[in-house]
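K.L.:
Sharing a structure below in structure tokens format, with a few things to ask.
Just so it is clear, none of the values below were taken in a lab; they were calculated from the coordinates. Quick caveat: nothing in here was measured; it's all calculated off a predicted structure. Note that each Cβ is placed from the backbone with ideal geometry, even for glycine, and that neighbours are counted across all protein chains shown.
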């Protein structure tokens, strides 16, 4: 982590990640495109997510989450910053001359070699099928269905733990402690995602959040009674409702939100551990 001298009130608490491992080069232009975000609006132009808007203009990197050029050895050309994700990305050069962006694996650097194959050598950064990975291994960018592309464990420092194999399925432990079974023919990358210190960042000032497109949030208890279930009254006061609610009166805590007949329930071996309510 990188700390700053307290030359201003902002710098006093500002903590950022050390980006010295990143390559000092421009993004690979053929894999970059312009992107105009919706700023929290749905397809009809109506706000579906509040407190979004006003972000700094940025370009989108075309990251490959699946298996491109399977069986072709590749070399990492650079580790780069991606403004649209918390993990770093790696620009890899295949032996056939093609290039692609992928999620960077923690511990790898420019010049390292990787490969994607059904039964590639057991090495950090290699992408293999789950049946080739021993128990206890940490993996990321895991597929939910074969040849679908990685869906699980793609954010900074995240990983799943391989528990074992049974029949046609591999058992994986999620960061939430949930145990889920996935087809053993799905691909996964060995190791954890890069930038595992991302959770230690202290932005230091509200302006940095505005640059990221996060607008101010007003507390419900500071609103009028007609605007929020917590609103009204003089001075500080409790919320006045038995359960926590959102602006529209919907219960947001103390109840399960997962559908009872969801199609993926059969793949969950054990649910995540939750805190027991105080009696």
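K.L.:
Suppose only helical runs count, i.e. DSSP H with n ≥ 4. What mean residue ellipticity at 222 nm does that imply for the chain under -39500 (n - 2.57) per run, divided by all residues and rounded to the nearest 500 deg cm²/dmol?
P.N.:
Calculated from helices alone, the mean residue ellipticity at 222 nm is -1000 deg cm²/dmol.
K.L.:
Please say if segment 198-279 is rounded, prolate or oblate, where rounded means a/c under 1.5 for a ≥ b ≥ c the square roots of the C-alpha gyration tensor eigenvalues, and otherwise the choice is prolate for a/b larger than b/c and oblate otherwise?
P.N.:
oblate
K.L.:
Right, something else. For the chain, modelled as a GNM with alpha-carbon contacts under 10 angstrom, which of 32, 269, 218 fluctuates the most?
P.N.:
Result: 218 has the largest fluctuation of those listed.
K.L.:
Let me make sure I get this right: for segment 83-136, a, b and c are the square roots of the gyration tensor eigenvalues over alpha carbons, sorted descending. Under 1.5 in a/c it's rounded, otherwise prolate if a/b > b/c, else oblate. Which is it?
P.N.:
Oblate.
K.L.:
For the chain, what relative contact order do you get, as a whole percent, if you take Cα pairs closer than 8 Å and at least 6 residues apart?
P.N.:
17
K.L.:
On to the next question. Tell me whether segment 1-92 comes out rounded, prolate or oblate; compute the Cα gyration tensor, take square roots of the eigenvalues as a ≥ b ≥ c, and use a/c under 1.5 as the rounded threshold.
P.N.:
Details: a/c = 2.61, a/b = 1.10, b/c = 2.36.
Verdict is oblate for segment 1-92.
K.L.:
Order these peptides, 239-246, 5-12, 198-205, by their mean beta-carbon neighbour count within 10 angstrom, highest first.
P.N.:
198-205, 239-246, 5-12
K.L.:
Direction-averaged shadow area of the convex hull around the Cα atoms of the chain, nm²?
P.N.:
Directional mean of the projected Cα hull area for the chain stands at 20.1 nm².
K.L.:
Fewest first, what order do 2, 236 take by the number of other Cβ atoms within 10 Å?
P.N.:
Least to most surrounded, the residues fall as 236, 2.
K.L.:
For segment 72-151 and segment 214-239, write down the distance between their C-alpha centroids in whole Å.
P.N.:
Each part's Cα centre sits 47 Å from the other's.
K.L.:
Looking only at 48, 194, 113, which one moves most when the chain is put into a Gaussian network model with springs between Cα atoms under 10 Å?
P.N.:
48
K.L.:
Could I ask something else about it? Go ahead and set up a Gaussian network model of the chain, Cα springs under 10 Å, then flag whichever of 253, 66, 125 fluctuates most.
P.N.:
For the chain, modelled as a Gaussian network with Cα springs under 10 Å, the answer is 253.
K.L.:
Please report, for the Cα atoms of segment 145-220, the Rg to one decimal and the Dmax as a whole number; what are they, in angstrom?
P.N.:
So, for segment 145-220, Rg and Dmax equal 17.7, 53 Å respectively.
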